[in-house]
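Notes follow the structure.
The values are calculated or read from the model by the stated rules, or taken from the named source; none is laboratory data. Just so we're clear, the structure is a prediction, and the values are computed from it rather than from any experiment. Every residue, glycine among them, receives a Cβ derived from its backbone with ideal geometry; neighbour counts consider all protein chains shown.
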Amino acid sequence: MRVVAIVPAAGRGERFGGSKLLARHNGEPIINWTLWSLLDGGVNRVIVVTAPGADFSDVPLVADRRVRLTVNEDPSRGMFSSIQAGLSIASGDPIVILPGDMPFVASSTVTEVVLACIRRHRIAIPVHQDQRGHPIAIPASFRRAILLAPVESSLKHALSAAGGVPIEVPVADSGILRDVDTPADLN
């Protein structure tokens, strides 16, 4: 299996006050932590979807041969449009979705979710204390349905319309619920 991940990273970070993915956490850009989680968790290829003109040259893992940048030409359409943009150039099975602003996800959680998806041939969603989070692992059989869904849709609606019934993967990792919206979220 060749696992591929899509990392939506085209948001404006307005609540953060600017380029949150490049903000430092323990000396590294936030997005670098997200990429480590995926790569250390067994993902073979990561597609990072950026906004036009975004500069990720200060992100060390962007130079990794397993990481590729692509541009969402109109990120104002929302995160689902970034998922579609990444998926349009990605190949692999399963497909993992992890937003770039989720640096606290443990690599072991990525592994657990991917393995659940592979073993059960179903969408796998991690759950911590009865709350669903990220990353989500999706069988490649849903690729076409996601790409053909209206851009104003959401990943959840596209998968549901395609008959996707997710399985929940209980994890001890509270990082699946922690995204970074403001500087205080880094504490």
Conditions (1) under 22 Å from Gly164 (Cβ atoms); (2) at pLDDT 95 or above; (3) of a type outside the set (Gly, Ala, Ser); (4) not in a loop (DSSP other than H, G, I, E, B) -> Phe80 fails only (2)
Quick check on the stretch 92-99. Is at least one of its residues closer than 20 Å to Arg2 by Cα, more than 15 Å from the chain's Cα centre (by Cα) and touching a residue at least 12 places away in the same chain (Cβ under 8 Å)? no
For the subset of the stretch 1-38 comprising residues that are among the aliphatic types (A, V, I, L, M) and more than 12 Å from the chain's Cα centre (by Cα), which member is modelled with the highest pLDDT? Val3
Identify the single condition in (1) over 22 Å from Ser154 (Cβ atoms); (2) in contact with a helix residue (DSSP H, G or I) (Cβ under 8 Å, 6 or more places away or on another chain); (3) surrounded by fewer than 22 Cβ atoms within 10 Å (Cβ to Cβ) that Arg65 does not satisfy, given that it satisfies every other one. (2)
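Residue-wise test of (1) surrounded by 18 or more Cβ atoms within 10 Å (Cβ to Cβ); (2) on the phi < 0 side of the Ramachandran plot; (3) in contact with a Ser or Thr (Cβ under 9 Å, 6 or more places away or on another chain); (4) of a type in the set (Asp, Glu).
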site	(1), (2), (3), (4)
Ser37	yes, yes, yes, no
Pro75	yes, yes, yes, no
Ser91	no, yes, no, no
Leu98	yes, yes, yes, no
Phe104	yes, yes, yes, no
Ser107	no, yes, yes, no
Ile123	yes, yes, no, no
